[in-house]
Amino acid sequence: MRRFLLIAVPYLWLVALFLIPFVIVLKISLSDIALARPPYMPQLDLSAGWEGLKSFFAALDFENFVFLTTDDLYWKAYLSSLRIALFSTVITLLVGYPIAYAMARAAPEWRPTLLMLVILPFWTSFLIRVYAWMGILSNEGLLNQFLLWTGIISSPLTILNTNTAVYIGIVYTYLPFMILPIYSALERMDDSLLEAAEDLGCSRLSAFWLVTVPLSKNGIIAGCFLVFIPVIGEFVIPSLLGGSGTLMIGKVLWEEFFSNRDWPVASAVAVILLLILVIPIILFQRNEQKQREANG
Amino acid sequence: MAQTVFAPWDDPNEKPLIQFKNVTKRFGEFIAIDDLTQDIYSKEFFALLGPSGCGKTTMMRILAGFETPTEGQILISGQDMSHVPPNKRAVNMMFQSYALFPHLSVWDNIAFGLKREGKDKDTIAARVEEMLRLTRLDRFAKRKPHQISGGQRQRVALARSLAKAPKLLLLDEPLGALDKKLRQDTQFELMDIQEKTGTTFVIVTHDQEEAMTVASRVAVMDEGKIVQVATPDEIYEAPNSIYVADFIGDVNLIEGRAEARMSPATPRDQIEPTTTPDPEGAPPPPAKPDAPQPNAYGEWLQNTLLFPFLGKRAPNPKELPAPSETKPTPALQSPVKTGGIALHWADGHPPIVVANGDPQLAGAAVTLALRPEKLNIAKNKPDTPNALPGTVIDIGYLGNLSTYHVQLDNGPMVKVQVTNVRRIARRDITWEDAVWVSFSETSGVVLKG
Ligand SMILES: Nc1ncnc2c1ncn2[C@@H]1O[C@H](COP(=O)(O)OP(=O)(O)OP(=O)(O)O)[C@@H](O)[C@H]1O
Ligand SMILES: [Mg+2]
């Protein structure tokens, strides 16, 4: 009985916090928009009994999903999100790996401090930090003022409300998610492995490629998924830092939901987004599993 | 073929392969290697022995290039190694922690160094297979390091360091995790490799037997210094300090005060006659009448043709002496050697005669180091210059050997090692017996202090 309870807890968790909300969203996505409160039809009315249930299911259809294919805004937004997520993952990796490497190489007494510095931004609200970037990147912002002052540029650069600002915001926000798993993989690595590689004829650089990188592979994969998966659905950063040209599915979803108040279409967008994310999430879980096996 | 003794260290014309010149290594305040100067010659099998933390691994790491000496210089083949990185040294090291690449299979681990040399695939494959066979890992080639046992991992590490056939191989406790049989086999493999390839080995080991078996020279270290370097037999038979005597093998240490000995030695009649019949002292028994005897032709053949090679035919066929539990006591045949020192070790006992002791030590406090296997134990007082009375406290049975712990009257506890010639049930000495521990006048070593 106790064992059953132990197993049941995570499943209950999953059902309560994932499955039930998902079923609700799925149901809304199959409904029709209505000027009501809540703004969709049909409503499940259990008092009507069997007949009511039958007419409820009869009213559900895939109309909204069909609609998504007719307007190319949606698939362009999905593709654009994937592209932005991919590029920003690569950039975050390129920025994060050296930082993680330097942290893992730092003197042991420094490492907790460095780790703390990486986590520190989480202590302030994410929204405030993104607003701060607006202050930095705007035409009269700190960055432009500084560059004008040094004389590198003569007229302010337009960064805010472009894709560049979105990339900056994403890389900044998600950097810790990249650094932490890579750091933990690198820190576990035994230094004598590099010595062994050098002893067997590797230069420092080839020892890095042949030993360090393969051994941090799982950390790299974990970090990439931890960035890639949430960035696809990201909407705060593109809304605040991006311009009209920045097309991301999260932003579309937000607009459908709050501006158009078209809950059914917004739910359909969300359901497809989830289906797109299932693949990388499964791959991520596989990687974690493999890592656990390798460590165990 | 004339068998010359391999002793390049005695040859002043020989150039050493490795030279440590006043090397000191400090980690902060801590001195790991203390002003060490040592030559190691090509084709040597140089064993480093010493207690944990005495600096053996550090010495290896300096040779491999992972640590730079704080002071002093390392030369390999006469070339200063100060600015040569590890990957440019013709040195391979087997790490004490193995340092196997966890992401690579056993096969790829062994091939790692070969691939870096840019050898072609077939050469690499052949070499790796050879190494796998040598270390008996054929069946595990595809496994990852975490899928094999500790001893197997150690063998992979060994195979990986051997694969490149370097000029100098540094092995840091290469066989510690192997069972006795595999360890002995691998020791002989190593000696074989050494003979075939002429590789110079520097090996760290905690197993003295191993050092004795494989090494051309043994260095005993203590706190960053080499205390003594000598051939295995010399280290064992003639340690230069109490530290070395105590560290290598089992030893009995008897402290006392040295006194120059008057020659001739202690008069014979001071020694009580013994009642034990001595098997060797008895006249040889006559030839058995039924033993085969040569005829006249055979006699002639022997005396004319074979004589130059074989010598005169012994008139009687040799007979083995009857098995005895105690070692034969040589004292009766040869008179007690003169010279040396007498060691006053306990009140009320005659001094111990040490004929090979240095008379210069007269008057000094000294310690006599005696190996347990060089002592005899008997119930009756034997007719030897040195016989000390005592009581058996404990008997350790080791199968082929027995160790008697004897509390000397008025003196220290000593260990006596005896080969178990007889079945254990027929042993005539047991606990609490009053016994005599005896040894010849040349079987100990007198050490200062
Ligand atoms: N990187 C280091 N920093 C500080 N001290 C060190 C370092 N490496 C070694 N030491 C110290 O130097 C001494 C010698 O170490 P070393 O590893 O050479 O010992 P060892 O003789 O190989 O011992 P063992 O037989 O246990 O392997 C030890 O006291 C050790 O604590
Ligand atoms: Mg060591």
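The values are calculated or read from the model by the stated rules, or taken from the named source; none is laboratory data. On a predicted model such as this, the values are computed, not experimentally measured, just so you know. FYI the Cβ positions are ideal-geometry reconstructions off the backbone, even for glycines, and counts take in every protein chain you see. Note: accessible area is taken over every heavy atom of the protein model, side chains too, but ligands, DNA and RNA are not part of it. Shrake-Rupley method; radii C 1.70, N 1.55, O 1.52, S 1.80 Å.
For the stretch B:74-87, which positions are in contact with a strand residue (DSSP E or B) (Cβ under 7 Å, 6 or more places away or on another chain) and surrounded by 14 or more Cβ atoms within 10 Å (Cβ to Cβ)?
B:Ile74, B:Leu75, B:Ile76, B:Met81
Do any helices (runs of 4 or more DSSP H) lying entirely in the stretch A:140-225 carry at least 2 residues that are of a type in the set (Lys, Arg), and which ones are they? Walk me through how you get there before you give the answer.
On the way: elements: A:142-150, A:163-188, A:191-199, A:204-207.
Correct list: empty, since no element meets the threshold.
Give B:Leu48, B:Leu104 a once-over and let me know the one that is within 16 Å of ligand 1 (Cβ to nearest atom) and in contact (Cβ under 8 Å) with a residue 24 or more places away in the chain. Don't jump to the end; show me each part of the working.
Working: B:Leu104 fails: within 16 Å of ligand 1 (Cβ to nearest atom).
When all the criteria are applied, what remains is B:Leu48.
Against the condition outside any loop (DSSP other than H, G, I, E, B), surrounded by fewer than 20 Cβ atoms within 10 Å (Cβ to Cβ) and modelled with pLDDT of 90 or more, how does A:Pro230 come out, does it pass?
Yes: the conditions hold for A:Pro230.
Run down A:Leu186, A:Leu193 and say which single residue is within 14 Å of chain B (Cβ to nearest Cβ), open to solvent by less than 40 Å² (accessible area, probe 1.4 Å), more than 23 Å from A:Ala85 (Cβ to Cβ) and under 26 Å from the mean Cα position of the chain (by Cα).
None of the other options fit; the residue is A:Leu186.
Can you find a residue in the stretch B:387-397 that is of a type in the set (Ser, Thr, Tyr) and either closer than 23 Å to B:Ala238 by Cβ or over 27 Å from the mean Cα position of the chain (by Cα) (or both)?
Yes, there is a match, as at least one residue in the stretch B:387-397 is of a type in the set (Ser, Thr, Tyr) and either closer than 23 Å to B:Ala238 by Cβ or over 27 Å from the mean Cα position of the chain (by Cα) (or both).
Does the stretch A:107-125 include one or more residues that are open to solvent by less than 60 Å² (accessible area, probe 1.4 Å), assigned to a helix (DSSP H, G or I) and within 20 Å of A:Thr162 (Cβ to Cβ)?
Taking every residue of the stretch A:107-125 in turn, none turns out to be open to solvent by less than 60 Å² (accessible area, probe 1.4 Å), assigned to a helix (DSSP H, G or I) and within 20 Å of A:Thr162 (Cβ to Cβ).
Might you let me know whether the stretch A:197-205 holds any residue that is within 14 Å of chain B (Cβ to nearest Cβ), closer than 24 Å to A:Trp110 by Cβ and of a type outside the set (Asp, Glu)?
Yes; the residues of the stretch A:197-205 include at least one that is within 14 Å of chain B (Cβ to nearest Cβ), closer than 24 Å to A:Trp110 by Cβ and of a type outside the set (Asp, Glu).
From the set of residues in the stretch B:151-176 that are within 16 Å of ligand 1 (Cβ to nearest atom) and not charged (D, E, K, R), which is farthest from the other protein chains (Cβ to nearest Cβ)?
B:Leu175
So which of B:Ile62, B:Ile18, B:Ile33, B:Ile40 ends up being open to solvent by less than 20 Å² (accessible area, probe 1.4 Å), in the same structural domain as B:Phe201 (by TED's automatic domain parsing), more than 16 Å from ligand 1 (Cβ to nearest atom) and out of contact with any Phe, Trp or Tyr (no Cβ under 7 Å at 6 or more places or on another chain)?
B:Ile18
Would you tally the residues in the stretch B:176-196 being in contact with a helix residue (DSSP H, G or I) (Cβ under 9 Å, 6 or more places away or on another chain) and within 16 Å of B:Phe46 (Cβ to Cβ)? Can you show your working first?
First, the residues of the stretch B:176-196 that are in contact with a helix residue (DSSP H, G or I) (Cβ under 9 Å, 6 or more places away or on another chain): B:176-179, B:182-184, B:186-191, B:193-194.
Those still in the list that are within 16 Å of B:Phe46 (Cβ to Cβ) too: B:187, B:190-191, B:193-194.
Here the count works out to 5.
Only one of these conditions is not met by A:Leu240: (1) in contact (Cβ under 8 Å) with a residue 40 or more places away in the chain; (2) buried (at least 20 other Cβ atoms within 10 Å of the Cβ). Which number is it?
Every listed condition holds for A:Leu240 apart from (2).
Could you please find all residues in the stretch B:33-66 being among the acidic types (Asp, Glu) and either within 14 Å of chain A (Cβ to nearest Cβ) or within 25 Å of B:Ile193 (Cβ to Cβ) (or both)?
If the condition is that a residue be among the acidic types (Asp, Glu) and either within 14 Å of chain A (Cβ to nearest Cβ) or within 25 Å of B:Ile193 (Cβ to Cβ) (or both), then B:Asp39, B:Glu44 are the ones that fit.
Go through the stretch B:88-113 and give me each residue that's over 26 Å from B:His146 (Cβ atoms) and open to solvent by less than 50 Å² (accessible area, probe 1.4 Å).
Those that are over 26 Å from B:His146 (Cβ atoms) and open to solvent by less than 50 Å² (accessible area, probe 1.4 Å): B:Arg89, B:Val91.
Which one is surrounded by the fewest Cβ atoms within 10 Å (Cβ to Cβ), of the residues in the stretch A:274-296 that are farther than 14 Å from A:Phe225 by Cβ and more than 14 Å from every other protein chain (Cβ to nearest Cβ)?
A:Leu275
If B:Ala7 satisfies all but one of (1) within 12 Å of ligand 1 (Cβ to nearest atom); (2) open to solvent by less than 50 Å² (accessible area, probe 1.4 Å), what's the number of the condition it fails?
Just one mismatch for B:Ala7, condition (1).
For the subset of the stretch B:67-85 comprising residues that are without any contact (Cβ under 8 Å) to a residue 24 or more places away in the chain and part of a loop (DSSP other than H, G, I, E, B), which member is nearest to ligand 2 (Cβ to nearest atom)? Give the steps one after another, and end with the answer.
Taking the stretch B:67-85 first, the residues without any contact (Cβ under 8 Å) to a residue 24 or more places away in the chain are B:68, B:79-85.
Pick out the ones that are also part of a loop (DSSP other than H, G, I, E, B) and you get B:68, B:81-85.
On the way: B:Thr68: 18, B:Met81: 21, B:Ser82: 23, B:His83: 26, B:Val84: 23, B:Pro85: 22 Å.
Ranking the qualifying residues of the stretch B:67-85, first place goes to B:Thr68.
Since A:Leu143 meets every condition but one in (1) touching a Ser or Thr at 6+ places or on another chain (Cβ under 8 Å); (2) in contact (Cβ under 8 Å) with a residue 12 or more places away in the chain, which condition does it not meet?
(1)
List the number of the failed condition for B:Thr24; all other conditions in (1) within 16 Å of ligand 1 (Cβ to nearest atom); (2) in a helix (DSSP H, G or I) hold.
Failing condition for B:Thr24: (2).
Identify, from the list B:Lys25, B:Lys21, B:Lys88, B:Lys115, the residue that is away from ligand 2 (no atom under 16 Å from the Cβ) and more than 14 Å from chain A (Cβ to nearest Cβ).
Criteria check complete, one pass: B:Lys21.
Of the residues A:Leu73, A:Leu68, which single one is touching a residue at least 60 places away in the same chain (Cβ under 8 Å), among the hydrophobic types (A, V, I, L, M, F, W, C), open to solvent by less than 40 Å² (accessible area, probe 1.4 Å) and closer than 16 Å to A:Met248 by Cβ? Steps first, answer last, please.
Details: A:Leu73 fails: open to solvent by less than 40 Å² (accessible area, probe 1.4 Å).
Exactly one residue qualifies, and that residue is A:Leu68.
Restricting attention to the stretch B:119-149, and to residues there that are within 14 Å of chain A (Cβ to nearest Cβ) and over 17 Å from B:Asn92 (Cβ atoms), which single residue is surrounded by the most Cβ atoms within 10 Å (Cβ to Cβ)?
Applying the first criterion (within 14 Å of chain A (Cβ to nearest Cβ)) to the stretch B:119-149 yields B:119, B:124, B:127-128, B:131, B:143-147.
If we keep only those that are over 17 Å from B:Asn92 (Cβ atoms) too, we end up with B:143-147.
Working: B:Arg143: 15, B:Lys144: 17, B:Pro145: 20, B:His146: 12, B:Gln147: 12.
Only one residue fits best here, namely B:Pro145.
Anything in the stretch B:177-211 that is open to solvent by less than 10 Å² (accessible area, probe 1.4 Å) and within 16 Å of ligand 1 (Cβ to nearest atom)? List them, or say none.
B:Val202, B:Ile203, B:Val204, B:Thr205, B:Glu210, B:Ala211
Report the residue count in the stretch B:173-200 for those that are within 16 Å of ligand 2 (Cβ to nearest atom) and either within 18 Å of the chain's Cα centre (by Cα) or not assigned by TED's automatic domain parsing to the domain that holds B:Arg217 (or both).
The qualifying residues number 4.
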